[in-house]
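Below is one structure, written out as structure tokens; comments come after it.
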Amino acid sequence: QLQASGGGLVQAGGSLRLSCAASGRTFSNYDMGWFRQAPGREREFVAANSYRLSSIYYADSAKGRFTISRDNTKNTVYLQMNSLKPEDTAVYYCAARGRGDSRSLQTRITYNYWGQGTQVTVSS
């Protein structure tokens, strides 16, 4: 089970840190990702890291502003979001998939487990 939190309303230029706590699994065995979905749009990739932290990817829209990290001792993955823009407004979802999956970390359908989402709203 994945539980995302940390969303909220923030002004453009502000920051938020999202958290995703995992339970019921050996967290360190899972690749973790963040996706987002804005109204009327498909769910899109934001950031991901592999279970060994050997691979970290960001969407172009997130590069330089967002940072994904994880704390395996707390079974938690984070998404630090800085310099937020109104176009970052969306529901943000964390996702997990088992290690050893050779497919791209950026591919949504490769993730087996999803959190419930947390709303991020950036005002201009």
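The values are calculated or read from the model by the stated rules, or taken from the named source; none is laboratory data. A quick note: this is a predicted structure, and the numbers were derived from the prediction, not measured. Side chains included, ligands, DNA and RNA excluded: accessible areas come from the protein's heavy atoms. Shrake-Rupley method; radii C 1.70, N 1.55, O 1.52, S 1.80 Å.
How much of the accessible area of the chain, probe 1.4 Å, is carbon plus sulfur, in whole percent?
That fraction is 43 percent.
Read phi for every residue in segment 28-41 and hand back ³J(HN,Hα) as whole Hz from Karplus 6.51 cos²θ - 1.76 cosθ + 1.60, θ = phi - 60°, with x for Gly and Pro.
Residue by residue, segment 28-41 yields 5, 8, 10, 6, 10, x, 10, 10, 9, 9, 8, x, x, 10 Hz.
Would you list Trp114, Trp34 from the most to the least accessible area, probe 1.4 Å?
Descending accessible area places them as Trp114, Trp34.
Quick one: 3J(HN,Hα) in Hz for segment 66-78, Karplus 6.51/-1.76/1.60 with θ = phi - 60°, rounded, Gly and Pro as x.
Per-residue couplings from phi come out as 10, 9, 9, 8, 8, 10, 5, 6, 10, 6, 9, 10, 10 Hz.
Just want to confirm a number: the relative contact order over the chain, from Cα pairs under 8 angstrom separated by 6+ residues, in percent.
37
With every protein chain kept in place and ligands, DNA and RNA left out, what is the accessible area per residue of segment 81-124? Probe 1.4 Å, answer in Å².
Heavy-atom accessible area per residue stands at 49 Å².
Rank these by accessible area, largest first, 1.4 Å probe: Tyr93, Tyr57, Tyr113.
The ordering from most to least exposed comes out as Tyr57, Tyr113, Tyr93.
Please list Arg99, Arg25 in order of solvent-accessible area, largest first, computed with a 1.4 Å probe with all protein chains present.
Solvent-accessible surface, decreasing: Arg99, Arg25.
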